[in-house]
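Scroll down for the structure; my scribbles are underneath it.
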Amino acid sequence: MAIGLLIRRRAVAPGLLFALAALTVPFLALMADDQLVKNDGTIVSGTILGVDGAQVMIENHTASGGIAKFPVSLADIKTVNMTTPAEATKVQAAGTPPGDVIAALDPLIKKFAGLPAGWVVAAMAQLGDTYEQVGQLDKAGVAYDEITRLYPGSAFEKLAQAGKADLSFSQGKTDEALAALQPIIDQANKDIAPSPSDGALYAKAFLVYGKVLEAQKKPQQALEAYLTVKTMFYQNPALAGQADELAKSLKDKNAGLGVE
């Protein structure tokens, strides 16, 4: 239950209304800022302009009303709180034409690759998936390799591993794909309460896992993998949409197939 303060309109002086409005505008602007949390706990707020080499460029407003631009070393950043750009959100919808996905994500990735923000890595993985979808396997491999290079040892590597497993599967290397996926699947099955970011990372692995199981003539297990994406790891709309389509196609090809 939300608790709020009710103020009778006739009891509020015009001066107070003006003061409240003056306070609200900068508060909303502050809430809209991107935030970098550094390893020493310091919080840097402003607008993230992009990544330049080993530095993140930030822009914010000074006390005198001017604009300041300054770098923050990537090595000093622990976490990033940044709203996903509208261009990236728009192309997450299932069924978005591949050309639109590439046109939207490629410039964003060139600008922000290396930033430790979940939306950046998800965009890199989606770009890799899209290149694979249109048969440009070399470019897909480069996209996945970039994730591994820029985020070594991080949870983000799961996306790259799942993407590479999908490439292996598309090339008929089913056993190789399964070997790459199994550690991620095992970890996900032990994760009782995955965070939204972890859920987005696991989704790709279960999607490819389902395709591998389907190729192995295990429709029941494959369906369960697809439905796992839909019901548990649905944070990425594009992957959830793919899982839904694959599940429907699988049931169409196997009369009476359902969850036991």
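Readers should treat all values here as calculations from the given coordinates under stated rules, not as data from a laboratory. Nothing here was measured: the structure is a model prediction, and the numbers come from that model. In this analysis, Cβ positions are derived from the backbone assuming ideal geometry, glycine residues included, and neighbour counts consider all displayed protein chains.
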**Asked** What is the dipole size for segment 82-203, taken about its Cα centre, with +1 at each Lys and Arg Cβ and -1 at each Asp and Glu Cβ, in debye to the nearest 20?
**Response** 240
**Asked** Residues with amide H under 5 Å of G46's amide H, sequence separation 5 or more or different chain, H placed in the peptide plane at 1.01 Å from N; which?
**Response** D34
**Complete:** Longest principal axis of the chain (C-alpha) makes with the long axis of helix 196-215 (C-alpha) an angle, in degrees to the nearest 10, of 20
**Message:** Can you return the aspartates and glutamates within cross-link range of K110? Criterion is Cα-Cα under 18 Å, with same-chain partners fewer than 8 residues away left out.
**Reply:** D52, E87, D100, D129, D138, D145, E146
**Request:** Determine the calculated [θ] at 222 nm for the chain from helices alone, applying -39500 (n - 2.57) to every DSSP H run no shorter than 4 residues and normalising by the residue count; nearest 500 deg cm²/dmol.
**Result:** -18500 deg cm²/dmol
**Request:** Please identify, among V120, V212, V37, the residue showing maximal mean-square fluctuation in a Gaussian network model of the chain using a 10 angstrom Cα cutoff.
**Result:** V37
**Alpha-carbon gyration tensor eigenvalues x 5, square-rooted, for segment 127-228, Å** = 20, 19, 11
**Request:** Give the residue from P237, H61, L36 lying farthest towards the positive end of the charge dipole for the chain; charges sit on Cβ (+1 for Lys and Arg, -1 for Asp and Glu) and the dipole is referred to the Cα centre.
**Result:** H61
**Request:** Quick one: which residues, 5 or more positions from T84 or on another chain, have an amide H under 5 Å from its amide H? H modelled 1.01 Å from N in the peptide plane, none for Pro or chain starts.
**Result:** none
**Cα principal axis extents for segment 32-79, largest first, Å** = 30, 23, 16
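Over 28 Å, how big is the tail of the calculated P(r) for the chain, in percent of all Cα pairs?
Cα-Cα pairs in the chain separated by more than 28 Å: 45 percent.
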**Item:** Most fluctuating residue given options Q171, Q235, Q92, as computed from a GNM of the chain linking Cα atoms under 10 Å
**Value:** Q171
**Asked** When we measure straight from the Cα of K190, which lysines land under 24 angstrom away, once same-chain ones fewer than 8 places off are left out?
**Response** K158, K164, K204, K211, K218, K230
**Most positive-pole-ward Cα, V91, L150, A113, against dipole of segment 86-253 from beta carbon charges** = V91
**Request:** List, in order, the whole-Hz ³J(HN,Hα) value for each residue of segment 129-136 obtained from phi through the Karplus relation with A = 6.51, B = -1.76, C = 1.60 and θ = phi - 60°; use x for Gly and Pro.
**Result:** 4, 5, 4, 5, 4, 9, x, 8
**Request:** Report the longest stretch of the chain that contains none of the trypsin sites (Lys or Arg not before Pro) sitting in a DSSP loop with at most 10 other Cβ atoms within 10 Å.
**Result:** 9-216
**Prompt:** Quick one: if you take sqrt(5λ) for each eigenvalue of the C-alpha gyration tensor of segment 109-148, what semi-axes come out, biggest first, whole angstrom?
**Reply:** 18, 9, 7
**Fill in**
HN-Hα couplings for segment 223-237 via Karplus (6.51, -1.76, 1.60; θ = phi - 60°), in whole Hz with x for Gly/Pro, come out as 4, 4, 5, 4, 5, 5, 5, 5, 9, 10, 10, 9, 5, 9, x
**Message:** Tell me which of V101, S197, L227 sits at the most positive position along the dipole axis of segment 86-253, charges placed on C-beta atoms (Lys, Arg +1; Asp, Glu -1).
**Reply:** L227
**Fill in**
Taking Cα atoms only, helix 157-170 is inclined relative to the longest principal axis of the chain by an angle, in degrees rounded to 10, of 30
**Item:** About the Cα centre, charge dipole magnitude for the chain (Lys/Arg +1, Asp/Glu -1 at Cβ), debye
**Value:** 780
